[in-house]
Structure formats: structure tokens, C-alpha cells
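Step one of this worksheet: look at the structure below.
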Amino acid sequence: MTSTAPAGERPTIVEDVGGRFGADHILAVQPTPDGIPTIWVARDRLRDTLTYLKYDAPQPYRMLFDLSATDERARRRLDGLPIGAFTVFYHLFSLERNEAVRVKVALDGEYPTMPSIMDLWPNADWYEREAYDMFGIRFDGHPYLRRLLMPPWWSGHPLRKEHPARGTEMGRFQLPPEKLAMAQDALQFKPEDWGMKRTHEDPDFDYMFINLGPAHTGTHGVLRLVTQLAGEEIVDIVPDIGFHHRAKEKIAERQTWHTFIPYTDRVDYLQGTLNELPYCLSVERLAGIDVPPRAQVIRVMMCEFYRLASHLVWYGTFAQDVGALSPVFYMFNDRERIHMITESICGGRMHPNWFRIGGVAQDLPEGWDDLVRQFVQYLPARLDEYERLVMDNPIFKERTVGIGAFSLDDAIEWGATGPMLRACGLAWDLRKAQPYSGYDQFEFDVPVASHGDCYDRAVVHVLEMRQSLRIIRQCLDHMPAGPYKSLHPLATPPLKERTMQDIETLIHHFLDVSWGPVLPPGEAAVPTESSKGQTSYYLTSDGAQVSYRTRIRTPSFAHIQMVPFMSRGELLPDLLAILGSVDFVLSDVDR
């Protein structure tokens, strides 16, 4: 869905907000390299602003895409902005405008407070809890404000600047008896704490509470779902996440811009370079680096290979979740064929660490085209067989059709993207809507379905695999010549042969390799269409060789938050089908 009026002919959202509330409503308009309109408003004007943007603005911003905070107390460059001790930012998106907007609020004090917006967007629940957990910012009106990723007994708020960034700064881990008691007590689920009742209206009937996970094959990782049942019917679910949390956003504050790239591979460990691309694009937008055409096509080809690899894992395990045991073995065999190609090109399989700021690490090796050609000729027949084996199976259909369904309005309200959104009938794909890395030069379709249930989410995934093959085939047939990386000084050190000519060039080469580039101050986020939905790295540079703040927005975090909403009223066995259809990875949830 795109705007009916060209962007240049309609008022900007900044003008819309100013016209509605008056010129003094907006404290500042922040220019950003990514071009996303970014406005600062006072704390007491936030709810009015967000309400207007969601409901009353022309072509409104109905999706809360992200919400988080920044500890500004170590910031050196304020650039005339009303920056306080902390900043809370709201990233909204309008599908009608094909445009995002950021709303920022400056806060002062050691532990500031904000009004909750859960009544405006239900998915604000986890985002506000995460901001409280990581920064200590309280959200007044949130009914269940408690830690989300860290255990309840954790001391401190990890993304505050005073919190240690390395384990060696915190002393040896110890588990004295009192701490063990706290940890065990935290595992005891108390329904009353979550607004649940133990007793049914029928005095002879009690609700049952069971743990699905954290060690259950159907959860695809360390995920705990405390499920309230009336018989076999699901009444409610309280997800417990954070077991896989590895502090990626904190690590980004101590790694240089280029040495953080390997860490992105571990965010969603199934999709390889699809993690690296949004990060590199955001760094390149900050630095003003143009990527050569050959490097762009190489990136596209590798991303589509990893989309296929991720989808094959999803395909086989989803079939296994609903009782079909054979497909997972066949599909993992085909995934192994993909990793043979990625290993030949990147030198790595699941964690390739191959994209670089300004391009890729190396040019394509000799014989790459034969490997790719053999694969694109091999896989279509296999996909045909899998459709007969899984998608046409009457038992699979019985377990998935009409299960876990939600509408397009629900998808937008909860921030669903990727196959979760397209299964509701909207052909929305960032590769088409906001092309990056040259995707506008490729011919492919955006698969959609109409019912938004488990089966339709599977349909979208399966059709996307064929479109990925279509894109890879075009990369194979039309790979351009030229350099595989930019010669921009922030992307590439001085050429080695020049370092032997003078000491200054040698010093620059040494510093660029060891310290990495020093990026100009600014903020940028270039979201991309990853295998599971939209991934975004919102980077803040303070003019140093490390990121001041890296915010990682992942689709799995948004989608797992929807599981209780999707599951209420379904039966307990349906929960495994719903989880499998969501296509999530716990490292993508917890980061």
C-alpha cells in the first residue's frame, strides 16, 4: 500500500504536527542521515502527539515499529538538540505514506518516568518493559512493569553507561545460598501477579497452569510459556524470555564499527549475511559511503541464499512440530548444500562474517558460478516434492488451517512484518517498497495469502523460497564487473602498495585496520527485509570509532509477543502449530 499523492506534493508530517498543535509544540526537528523525520516533544505532550500520529494524521502512522531509550549522560555532541540525561524514542511507521517518523522525549533525573502508551499500542508492553529493564526508566500506567530480559534479582540496568560492559569488570560469578533462593523463587509463577485467576467461576473447576519450556522441542530454543488452561483450551499465556540474552546492544558500545560485524551473525544465527546487511547499510548511510554495483549484487545473492537456508530450517521444523518427521531430514540436507556454497564463497557457514563496510570481504572465487548454477537447477524439483509432502498433506492442513489467525489490522497493531504481515493479504516487502542494495533492479513477486492463519504463513514462506531462487538466478546471469568494495577512506584503508611510500600512509593504514573508521556524528537506521520480517540497526555516532548507541530491532521479538494474542481460545496442541508458524529464533528475540 503506497501513498496516492507524491511525497513532494503533500505536507510533511512535521508540518502536519505543527499545524495541529502549534509551532511551539515541537521542541526541535533533528536532521538525520537516514532522512527519517525526527521530532522532539515535551514529556507532557507525548501522548497527544502519538495519538494524533496514529489516529488523526493524514495517512496515519498506525504501526509502532520500535520503542527504546538512550543514556545521554556521556554524550559529547549535542548539536543544539534538547538532549537531557536520557532520551526515549518512538519509531512509528505509516504503510499508506511508506514513511517512518521518530518522536523523541528528553528526560532528566536518575530514574525518570514516562507515561505508558499500552492503551495506544498493545505491543508497547514488551518495549516499555525492556526500556525499564535496560535503563531503569519507569512507565506510569503499565500494569506489569517488571524486568523482561534480565532475571528479577539482577542488580543495575545494563544499557546505562555506568553498568560494566565486560564480565571481567564485574567479578567472578557466585551463587551463594541467598542468591540461589532468589533465583528459585523467581521461577515460581504466581498467576495473581499477572492478573490471572486460579479459580474458575464454576466452584468445582480450577484453571490449570503448565510450563511449556524452557526446555521443549516445540519452543525451538530456551523459551518458557506459562499457559493458563481451562481443560485443553488456552485462556492466556505469559511468555518468559531472556534466557538467550547476550547483550548485543551493550557489546556494540565497546566494539569498533567494523569489529561489531561478526556479532551481528549471532543475532539470528540462521540467516547469516541477512544480519550483516542492515548493520552495514546503516553504517554506510552514516558515513556517506556508496557501494559499488558488483558488491551490491553479491550482497543480494548471498542474502537470498541465507533466506533460503533459514526458510528450509523453518519448513522442516514446522512440519515436525505438527507430526511429520521425515521432511526435516530432507530439508536439512538441502540446507547443507546451501552452506557448501556459502562456505566456498565466504569461508564460513552459519556465521559468515563476510560483509564489510562499503562492500564485501573478498571477490567471488573462481568456480562460484558453477556451484550456483547447479543449485538453482536442483532445488525447484525438491520444492515441488516438499509441497506434495507437507503443504498438500491433509493432516498438516487439519493442524494449521484456521489456527492462530489474525487480521491485517491486528498485524499492524502488533507491529508484525515479513511473512506474518503478508499472510494477512498485504503485499508489503521492503525490497519493493523501499529498495536497498539494488533490489529495484531485480524482477520478483511479493507472495501474499489472505487468512492470516498458520497455513497461510506457511504458504507465504514456501512461495518466497521460489522468489529467492528467481533472484539468485538473475544474480548469476547478470553479475556486473568492477570492484567488490568501495574505495571510500572510511571503508577501505590506504592501498597496501602505497603504505611503503611514506610513514603517514602507513600510520593511516594501521589505525584504520586496528581502530576502524571514525564516523561523523549522526543517527541512521536502514531497515531491511530479513527472513522473518524487518530488521533494523538504529545507530548513533558521537564522532568516535565506536557506536554511542546501537538499537537492534528484530522481527522475532515483535512476533513472539503476539503468541498469547494468537493462542487465546485455541487448544493446547495448537500452540505448537502457532509457534512453528511464527518462524522465530530465540537469539533474535533476546539479542
- Task: Look through Pro394, Pro352, Pro419 and report the one residue that is crowded, with 19+ Cβ neighbours inside 10 Å and within 30 Å of Glu233 (Cβ to Cβ).
- Result: Pro419
- Task: Please work out if Phe557 is aromatic (Phe, Trp, Tyr), buried (at least 23 other Cβ atoms within 10 Å of the Cβ), part of a loop (DSSP other than H, G, I, E, B) and in contact (Cβ under 8 Å) with a residue 60 or more places away in the chain.
- Result: no
- Top-ranked residue in region 538-574 [being in contact with a strand residue (DSSP E or B) (Cβ under 7 Å, 6 or more places away or on another chain) and among the aliphatic types (A, V, I, L, M); ranked as farthest from Asp410 (Cα to Cα)]: Val546
- Task: Considering every residue within region 408-419, establish whether at least one is free of Cβ contacts under 8 Å to residues at least 40 places away in the same chain, in contact with a helix residue (DSSP H, G or I) (Cβ under 6 Å, 6 or more places away or on another chain) and either of a type in the set (A, V, I, L, M) or assigned to a loop (DSSP other than H, G, I, E, B) (or both).
- Result: no
- Pairs under 7 Å by beta carbon, first residue closer than 14 Å to Glu529 by Cβ in region 447-466, partner acidic (Asp, Glu) and outside any helix (DSSP H, G or I), six or more apart or different chains? His461/Asp583
- Query: Hey, which of the strands (runs of 3 or more DSSP E) in region 205-266, taking only ones fully inside, have at least 3 residues that are of a type in the set (D, E, K, R) and more than 30 Å from Met302 (Cα to Cα)?
  - Reply: 233-240
- Inside region 472-504, can you point out the residues that are among the polar types (S, T, N, Q), modelled with pLDDT of 80 or more and either assigned to a helix (DSSP H, G or I) or outside the structural domain of Glu443 (by TED's automatic domain parsing) (or both)? Gln474
- Check whether at least one residue in region 268-290 is surrounded by fewer than 20 Cβ atoms within 10 Å (Cβ to Cβ) and among the acidic types (Asp, Glu), and report yes or no. yes
- Just for region 79-98: of the residues that are out of contact with any strand residue (DSSP E or B) (no Cβ under 6 Å at 6 or more places or on another chain) and farther than 19 Å from Arg551 by Cα, which one is surrounded by the most Cβ atoms within 10 Å (Cβ to Cβ)? Ser94
- Note on the structure: Every listed condition ((1) in contact with a Phe, Trp or Tyr (Cβ under 9 Å, 6 or more places away or on another chain); (2) closer than 20 Å to Gly272 by Cα) holds for Gly580 save (2)
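The values are calculated or read from the model by the stated rules, or taken from the named source; none is laboratory data. Here the structure is a predicted model, which is why all the values come from computation and not from measurement. Positions of Cβ are generated from backbone atoms using ideal geometry, with glycine treated the same way; all protein chains shown enter the neighbour counts.
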